[in-house]
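First comes the structure, then the notes that go with it.
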Amino acid sequence: MKRHLLMPAVFIIIVSLSAPGCMPAQKGPQKIKIGVSLPTQRDERWVRDAQTMREVAEKEGVDLRMQICDNDAARQMSQCENLLAEYVDILILAPHDASSASAIVDEAKAVGLKVISYDRLVMDADIDLYVSFDNFEVGRLQGQYLVDKVPKGNYIALAGAPTDNNAKLYRDGALSVIKPLADTGAIKIVMDQWVTDWQPTIAMNLVQNALTANDNRINAVLAPNDNTAGGVIQALAQAGLAGKVPVTGQDAEVTAAERIVNGTQAMTVYKDTKQQATEAILAAIKMVKGESVDTTSTVNNKKKDVPAILLKPVVVDKSNIDKVLIDSGFLKRSEVYR
Ligand code: BGC
């Protein structure tokens, strides 16, 4: 009886989700409609991604529908269902949870939409394109920077959110250079922890604990991104160690650039997210039109080799910050040198 009552609702959902695939004739004179689902706006980079996507969409004359799930996988699912119900022509998805987001891809594919996995890879899903960076290399650059500065001593190794495939790649990349020195005994990894949802306060608490447990004898901190680096440096500052212990980062956030200039953060990894966001929108437009997209490689997501556009990360420290971040126009001189 209950099952019977549910049927009309299920039917309506299926009909509304199938509509875009069934009515291609409607697309003709209408603007291309791109659905975008982003995980957060808590890190500055995602604010920039959103801004660039909107700018490029406007310039290209496409209709952009954007949703932010604020680190909530269930919310991302329902927001994406709403985008499908708005008859978007393609979905750009930066998953909060790399595994469960495969259900979103399944729903999009069921109504004939192509899906671009943006920055973070959706695992075990039939995605059509991946637009990101060489993320193992991002982590390798962070690790290499630390071992060059601190070839021996006590290390704290923090990784990003365990739900984010990128966090695994960053960690693998960094450990690929740190681990061999840990194996010889030169480096001692006194803490090795994931940071839930990339939260800076969690990073700060972890470092406070590690400082206490090791009588403040910490020589280097692998922080996976700039926001968590902020938390790490706050904890180091409380112990009078800010600027004395090299801390990594990534994203080239304004506050991180300031910290690099004033010496409390050693480096960041610059990823040109303006280029990344632009590539994603332009690829989406081509894919809706049925045109081919130039890719640089493929990345396996446990289901298939996904065609990918992978951009190159660049190390930034005090020595090249003006050239890489300011001269390129990514950040303003007045923001960095306040
Ligand atoms: C991105 C980083 C970002 C982090 C937290 C990762 O997937 O690649 O650039 O700092 O998420 O938002």
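The numbers here are math on the coordinates, done by the rules we state, and not lab data. Just so it is clear, the model here is predicted, and its values are computed rather than measured. Cβ coordinates were reconstructed from backbone atoms using ideal geometry, including for glycine residues, and neighbour counts include every protein chain displayed.
A few remarks follow.
- Residue order, fewest to most beta carbons within 10 Å, for Arg171, Arg65: Arg65, Arg171
- Added length on full extension, which subtracts the Cα-Cα distance from 0.36 nm per residue, Ala213 to Lys289: 21.5 nm
- Mean separation of Cα contacts under 8 Å (6+ apart) over length of the chain, as relative contact order %: 16
- Scattering curve values for region 209-253, log₁₀ I(q)/I(0), Debye with Cα scatterers, q = 0.14, 0.24, 0.28, 0.33 Å⁻¹: -0.29, -0.80, -1.03, -1.28
- Candidates Ile326, Gln79, Ile68 compared by Cα position along the dipole of the chain: farthest toward the positive end lies Ile326, with charges placed on Cβ.
- Counting only aspartates and glutamates at least 8 places from Lys149 when in the same chain, those with an alpha carbon closer than 20 Å to its own are Glu137, Asp172, Asp183, Asp192, Asp226, Asp317.
- Take every pair of alpha-carbon atoms less than 8 Å apart whose residues are at least six positions apart; their mean separation over the length of region 123-182 yields a relative contact order of 49 percent.
- Sequence ranges 203-213, 283-293, ranked by mean other-Cβ count within 10 angstrom, highest first: 203-213, 283-293
- Summing charges over all other residues whose Cβ lies under 13 Å from the Cβ of Asp322, with Lys and Arg as +1 and Asp and Glu as -1, gives +1.
- Separation of alpha-carbon centers, region 187-236 and region 75-94, rounded to whole Å: 36
- For the chain, the longest principal axis of the alpha carbon atoms and the long axis of helix 165-184 meet at an angle near 30°.
- Whichever lysines have a C-alpha closer than 27 Å to that of Lys302, once near sequence neighbours (fewer than 8 apart) are set aside: Lys109, Lys114, Lys168, Lys179, Lys271, Lys286, Lys312
- Whole-number percent relative contact order across region 124-223, with pairs defined as alpha carbons under 8 Å at least 6 apart: 37
- Set of aspartates and glutamates with alpha-carbon distance to Lys31 below 14 Å, sequence-local pairs under 8 removed: Glu58, Glu60, Asp63, Glu86, Asp89
- In plain terms, the chain from Ser328 to Val261 could stretch by 22.4 nm, reckoned as 0.36 nm per residue minus the Cα-Cα distance.
- Antiparallel bridges, percent of DSSP beta bridges restricted to the chain (to nearest 5): 20
- With neighbours defined as other Cβ atoms within 10 Å of a residue's Cβ, the residues Phe133, Phe330 order from fewest to most as Phe330, Phe133.
- Amide H contacts of Val36: Arg65, Met66, Gln67, Ile92, each under 5 Å away and 5 or more positions distant or on a separate chain (H built 1.01 Å from N in the peptide plane; Pro and chain starts excluded).
- Stokes-Einstein diffusion for the chain, with the hydrodynamic radius set to the Kirkwood value over Cα pairs and evaluated at 25 °C in a medium of 0.890 mPa s, equals 116 µm²/s.
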